[in-house]
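Notes follow once the structure below has been shown.
The values are calculated or read from the model by the stated rules, or taken from the named source; none is laboratory data. As the structure is a computational prediction, the values presented were derived from the model and not from experiment. Here the Cβ is made from the backbone with ideal geometry for all residues, glycine too, and neighbour counts use every protein chain on show.
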Amino acid sequence: MSVRFVLPAAERGYSFLPSVGPNASYVAGHPDGAITRHSSFNFGEYQSGIPGFGAMRVFGDEVFMPNGTGYNMHPHHNFIIMAFVLSGTLTHINTIGRIDELGRDDYYVFSAGSGGKHSELNIGEGDLGVIYVWVLPGRLLAPPSYRRARFDRSAGANRITCLVGDEPGALPIAQTFRVSRLVSDAERRYAYRPARPNGLYAFVVEGEVEIADALLTRRDSMAVEGEDQVTIDVRTGGTDVLLVETKL
Amino acid sequence: MKKYLCLGCGFSYDEARGLPEHGIAPGTRWADIPDDWVCPDCGTPKSRFEMVEIPYFEGEAAT
């Protein structure tokens, strides 16, 4: 099996974005609020790591403190931006005309295309945990779009569920790209079959898995490529893994 | 003629189109844009743009 990289949780880029100070124009919220961001790939100030994987440029594991912490309205083009809510409530506002609230297991796909703005807020009373994924589009300056869906935890138990991509029930995306989720309540072996020559990035939200002789625990990740089938050995109950398939 | 994409926000620069509204004439090569130029939308430095070979959406005619 061809391993592109293994990225332990502690080796990711780290940003602390306070609601006041240099980022005040960008981050709103309670003065003591802040966002923490662990980046698997280059982002902003963090430039020494892995630049991306396939069409993916950002995989950000973020925590928003409560009471109004977030990103003010700001512009995007082209990138397909996805958010997968792990805990808490995300308030999402965009210029396509959507004001949305997303809870645990909800996710959205916001394709900025020819131009769109969005704001991401935690107006709740507890922390918000959310994974952001940014993907290069298949076409530049396409009409912007926004779609949302929810991962069904009971229907999705002990199997690999496609959340984004070209499978029935998944949110479509204008790119050779899929995001799937594996939630397993017991030790078990799973097989993921990418369409060659795609690559697969696996990020452990919770639990423990073994892929290609690499043991991954909470928030560890790795990428493999050139495989007809990727074997994922879940090593403990309560394991939750995001699987990102991308053209290379 | 090449295209470059801002990794901070996704803003795209096309050498063929330039950015006349920001004082960059059509046909201006990326290399001829000053190193201290930043993304007009988000302020990301020029060094944080990536050259991309992505076609335009149909109907968004390239020049």
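Observations
- Residue match in the range A:161-175 (condition: in a strand (DSSP E or B), touching a Lys or Arg at 6+ places or on another chain (Cβ under 9 Å), more than 23 Å from A:L216 (Cβ to Cβ) and assigned by TED's automatic domain parsing to the domain that holds A:S221): yes
- The residues on offer are A:F64, A:F84, A:F110, A:F79, and the sole one that is at pLDDT 95 or above, farther than 30 Å from B:F57 by Cα, outside the structural domain of A:T176 (by TED's automatic domain parsing) and within 16 Å of the chain's Cα centre (by Cα) is A:F64.
- Considering B:K2, B:K46, the condition of being buried (at least 16 other Cβ atoms within 10 Å of the Cβ) and among the basic types (K, R) is satisfied by B:K46 alone.
- Just so you know, in the range A:121-146 the residues that are in a strand (DSSP E or B) and within 14 Å of chain B (Cβ to nearest Cβ) include one that is surrounded by the most Cβ atoms within 10 Å (Cβ to Cβ), and it is A:V135.
- Each residue in the range B:49-59 was checked for being facing chain A (nearest Cβ under 9 Å) and in contact (Cβ under 8 Å) with a residue 12 or more places away in the chain, and 3 of them qualify.
- Meets criteria (within 21 Å of A:V3 (Cα to Cα), surrounded by fewer than 21 Cβ atoms within 10 Å (Cβ to Cβ) and not acidic (D, E)) for A:R196: yes
- When B:K2, B:K46 are checked against the criterion of being closer than 20 Å to A:N42 by Cα and away from every other protein chain (no Cβ under 12 Å), B:K46 stands alone in meeting it.
- Residue in the range A:98-106 that is at pLDDT below 95 and more than 14 Å from every other protein chain (Cβ to nearest Cβ) present: yes
- Hits in the range A:67-91 - residues which are within 12 Å of another protein chain (Cβ to nearest Cβ) and surrounded by 20 or more Cβ atoms within 10 Å (Cβ to Cβ): A:H76, A:H77, A:N78, A:F79, A:I80, A:I81
- In the range B:31-42, the residues that are more than 13 Å from chain A (Cβ to nearest Cβ) form Cβ pairs under 8 Å with partners that are among the polar types (S, T, N, Q) and in a loop (DSSP other than H, G, I, E, B), at six or more places apart or across chains, as follows: B:V38/B:T44.
- Here A:E167 meets each of (1) touching a residue at least 24 places away in the same chain (Cβ under 8 Å); (2) more than 25 Å from A:L7 (Cβ to Cβ) with one exception, condition (1).
- Selection from the range B:7-30 of residues that are at the interface with chain A (Cβ under 10 Å from one of its Cβ atoms) and on the phi < 0 side of the Ramachandran plot: B:L7, B:G8, B:C9, B:F11, B:S12, B:D14
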